[in-house]
Amino acid sequence: AGAGRRGGVMTKPPFQGFAGALRHASSRINMAAKWAAAGFLCLMVLFVTIQIVARYVLSDAPAWTEEAARYAMTWSALLAATCAFHDRVDPVLVTVSASSPRRMQTLSRLARFVCVAIFAGPMLYYSIGMVARSSLRDTESLGVNLACITVIVPIFASILLFHAVAQLFAETPEEGGR
């Protein structure tokens, strides 16, 4: 509908190149988030295993393993949630397929974007202050600056918003990540 000829060469419809670049970047970010989420999940299992062995075999569990497992779980869960959103396996109220009318697909993408913006926008805005405040404290048993832990919240919100923008410009639901 928006394609034309320029100098005998077919031109792309407006935003197709931009949308393709967004989808590509979104896919790359998603792949990195999947690997990081899996890594943090493995760390969590390792820390819990150390905790169990130390508690029941050595009768003396180090306090830092519980805290480290909790932080690894938080990072893993939030990164995995962005992957679920990207891959469209997150819970939805209404499913719109590629066979649905084009207008319905467009309204679905717009509604999805607005909902994510309402959720993640304020989270991103306020989490910057949260990270700044938490930088004044250290974790209890690990002694790590708490900002290193809480920085996952703005990372989570940023990735979610980026995926939402990429999906907004997608032509069909499948192109957004399915």
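The values are calculated or read from the model by the stated rules, or taken from the named source; none is laboratory data. Since this is a predicted model, take the numbers as computed values, not measurements. Please note: Cβ atoms are built from the backbone with ideal geometry, for glycine as well, and neighbour counts cover all protein chains shown. To get the accessible areas, we keep the full protein, side chains included, count just its heavy atoms, and leave off ligands, DNA and RNA. Shrake-Rupley method; radii C 1.70, N 1.55, O 1.52, S 1.80 Å.
Would you confirm, using the coordinates I've provided, whether R70 is in contact with a helix residue (DSSP H, G or I) (Cβ under 9 Å, 6 or more places away or on another chain) and touching a residue at least 40 places away in the same chain (Cβ under 8 Å)?
Answer is no for this residue.
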Quiz item: Could we say that L46 is touching a Phe, Trp or Tyr at 6+ places or on another chain (Cβ under 7 Å) and either in contact (Cβ under 8 Å) with a residue 60 or more places away in the chain or over 22 Å from D138 (Cα atoms) (or both) here?
Solution: no
Quiz prompt | Members of the range 141-176 that are at pLDDT 95 or above and among the aromatic types (F, W, Y) | solution = F156, F162
Quiz prompt | Residue count for the range 130-150, restricted to those that are open to solvent by less than 50 Å² (accessible area, probe 1.4 Å) and within 27 Å of A84 (Cα to Cα) | solution = 5
Self-check item: Breaking point among (1) among the small types (G, A, S); (2) surrounded by fewer than 18 Cβ atoms within 10 Å (Cβ to Cβ); (3) within 16 Å of the chain's Cα centre (by Cα), for A164
Solution: (2)
Practice problem: Just give me the residues in the range 110-124 being loosely packed, with under 12 Cβ neighbours inside 10 Å and without any contact (Cβ under 8 Å) to a residue 40 or more places away in the chain, in sequence order. | Solution: I118, P122
Exercise. Could you list, in sequence order, all residues of the range 28-43 that are in contact (Cβ under 8 Å) with a residue 40 or more places away in the chain and more than 17 Å from D87 (Cβ to Cβ)?
Key: none
Quiz prompt | Sole exception among (1) touching a helix residue (DSSP H, G or I) at 6+ places or on another chain (Cβ under 9 Å); (2) surrounded by fewer than 16 Cβ atoms within 10 Å (Cβ to Cβ); (3) without any contact (Cβ under 8 Å) to a residue 40 or more places away in the chain for V53, by number | solution = (1)
Exercise. Output the number of the condition that D60 fails; it satisfies all remaining conditions of (1) within 16 Å of A164 (Cα to Cα); (2) loosely packed, with under 12 Cβ neighbours inside 10 Å; (3) touching a helix residue (DSSP H, G or I) at 6+ places or on another chain (Cβ under 7 Å).
Key: (1)
